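Bear in mind these aren't lab numbers, they're just calculated from the coordinates by the rules spelled out. Here the structure is a predicted model, which means the values were calculated and not measured. No Cβ is skipped: glycine too gets one built from the backbone with ideal geometry, and neighbour counts run over all protein chains shown.
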Amino acid sequence: MRWSNLFIPTLRDAPGDAEAASHKLLVRGGFIRQLMSGHYSLLPLGLKVHEKVADIVREEINAIGGQEFLLPAMHPRSIWEASGRWDAIGDEMFRLQDRKGADVALGMTHEEIFATVATEVNSYKQLPQIWYQIQWKFRDEARPKSGLLRVREFAMKDSYSFDVDEAGLDANYVKHHDAYVRIFERLGLDAVPVQASSGAMGGSGSSEFMVRSDAGEDDVAMCSCGYAANVERATSALPAVDDDTPPPAPVKFATPGIRTIAGLADIEGGAPANRQIKTMVYVVDEQLTLFLVRGDHQLNEQKVIDSAGTANLRPATPAETLKHLGANPGSLGAVGVSDDIAIYADTALSGRTNLHTGANEDDWHWTGVDIARDVNVAHWTDLRDVNAGEACVECGQPLEIVRCIEAGHIFKLGTKYAEALGATVLDQNGKTQTIVMGSYGIGIGRNMAAIAETHNDESGLVWPMSVAPYEAVITAVKANDEPSMAAAENLYTELLAAKIDVIFDDRNERPGVKFKDAELIGIPYRVTIGPKSLESGEVEFTTRATGDTISVAIGDVANQVINAVEAAR
RNA sequence: CGGGCUGUGGCGCAGCUUGGUUAGCGCGUCGGUCUGGGGGACCGAAGGUCGGAGGUUCAAAUCCUCUCAGCCCGACCA
């Protein structure tokens, strides 16, 4: 294409409200424009990159046997009611009514719809299947942010696997895992698979593919040994705490005005935070429930949700704690609490004794509490935040907490959706089996932003060849110099014939403008043709990533470009 | 949803505290001249209901009220 004919509105200044590098550069480079919060127009350059990302994803999913579909973006209420998600989801689903007043939803994911299609699979002989689409999702995010990184309307590759049993699911999960590794490698993203919470999707396991970036929204605990887990799932090894010998029974301890862990640590007869029990009170499915962690630990709410098996929970109000436990926050504890209040305790409290905790009476605490003896723990589980520097559970080395962008997420769903929608097959024994599903997602635009976020410098974007809007640019330095324009035209024709995705900057602009624009939009290779060097039969060949420029004979430059592009594809 | 901030030509901003000429600057855009290897110079020009509504006032970009929108932090995130 000739630059002079294209719409590439580059800007010298980024929009004042953009913070993330990818946001600034995608706007400045003329890739995207915002329509409203969380909704962006893809301009021609942006669409080009978007499609290249999508094509890589498509190729790799096709390579593991995926079959492409295209499902509706608008869904009837009934199908979401069948899975229970019409009510479970809440404000994040866009809902509207048609002219008859019927409720419809804009699809935020397609488990239900694909499961419905899968009701036409009737025999184990037709399995396994991998079905996918690249389609628009709508999510009414509470806070869209950072350009394309978090939006309300976006293209997603969502694939779904269908198997007769768990072993089949495991195989398809691995296939997707491996395909994702190849996809991110081709996108130039250093994405690390990490253990993740399945959240409200349900199912037995999930991994996220995480790209290190300060612009991300997730924290991941990582170890040099390869252990990596979202902090919603991560654990760590803790050194033992010396508890001494406890008294035969807890001892009540007057603590007037003491309302905090730190306060209890400071007073005469108190105890350091790691020898206290912190009692957090939630209302889970309308039931008051206690969650206990060590005094110096933080409760992780996703772990609370995962332990409780529901997202229908909230912290109890002070009035509720007073009513059910008899005290206000600051004096709460689990000692002697009746059986009808469920108690979850963090595993770091297991085996501990001689602890301090609230006595459910304002201004009083217990000391000498032995958790096994004195607290009626119903569920031992992992509830606490992992902190940087704590020991890796695999190898003992200190963990690092790394901010990441979630580039992909794969789930083992199990039978939840197939069962809800009635997707079953007959097995080899003629017995009805519910199809076992997996679900696998990659946001196309978010990956585009993640690449931009991790591939830029002071001059602009530095796209990997695989997704660059153009593979090479021919910059004619002087638009009214006939010999150099003729040489540029010849090279342009030659590169097009060789199937190089090349753009010819034929604009009547000063060279500085052209160089800046080419660098801003991040084209990997540039050939500069101007009267000066052409006098001696040479042109310049510049590599965007390194800035290196070499002189090449005009007759050799086409091959130089072709070889460089093909090597980097 | 809680906290903080911002809305003035396409983009970036000043003006607002203390109301008062024709609302200004840089970039970009259009015409022209000179230029031509890193966002060039000069001359001329177009383009703005100052987010919206209401109010105070002789007079509102500026003060007051309401409202809409956007950004950032947090909560949330299938």
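Here are a few things to note about the model shown:
- Region A:181-233, Rg to Rh (Cα coordinates; Rh as Kirkwood inverse mean 1/r): 0.98
- Bridge type composition, chain A - antiparallel percent by DSSP, nearest 5: 80
- Only Lys, Arg (+1) and Asp, Glu (-1) charged, at Cβ; chain A dipole about Cα centre in debye: 1100
- Global form of region A:334-441, assessed from the alpha-carbon gyration tensor, a/c cut-off 1.5: oblate
- Taking trypsin sites (Lys or Arg not before Pro) across region A:403-442, the ones in a DSSP loop with at most 16 further Cβ atoms lying within 10 angstrom of their Cβ are A:Lys431.
- Shape of region A:1-153, Cα gyration tensor, a/c cut at 1.5: oblate
- Projecting the Cα atoms of A:Phe411, A:Pro315, A:Val473 onto the dipole axis of chain A, where Lys and Arg carry +1 and Asp and Glu carry -1 at the beta carbon, places A:Val473 farthest toward the positive end.
- At least 27 Å along the helix axis (C-alpha) and Kyte average at least -1.0, DSSP helices within chain A: A:44-63, A:166-186
- Pairwise FRET efficiency - A:Glu535 versus A:Cys225, Cβ, R0 = 51 Å, nearest 0.05: 0.30
- Partnerless Cys - chain A, beta-carbon criterion under 4.7 Å: A:Cys404
- Per-peptide packing, taken as the mean over residues of other Cβ atoms within 10 Å, places A:496-508, A:1-13, A:107-119 in the sequence A:107-119, A:496-508, A:1-13 from highest down.
- With the helix formula -39500 (n - 2.57) applied to DSSP H stretches of n ≥ 4, chain A reaches a computed 222 nm mean residue ellipticity of -8000 deg cm²/dmol.
- Converting phi to 3J(HN,Hα) with the Karplus coefficients 6.51, -1.76 and 1.60 and the offset θ = phi - 60°, region A:249-264 yields 8, x, 10, 6, 9, 6, 9, x, x, 7, 10, 10, 4, 5, x, 6 Hz in sequence order, with x at every glycine or proline.
- Packing-based order for A:315-325, A:457-467, A:226-236, using average beta carbon neighbours within 10 Å, highest first: A:226-236, A:457-467, A:315-325
- Rounded, prolate or oblate (a/c below 1.5 giving rounded, otherwise prolate when a/b exceeds b/c) for region A:470-568 by Cα gyration tensor: rounded
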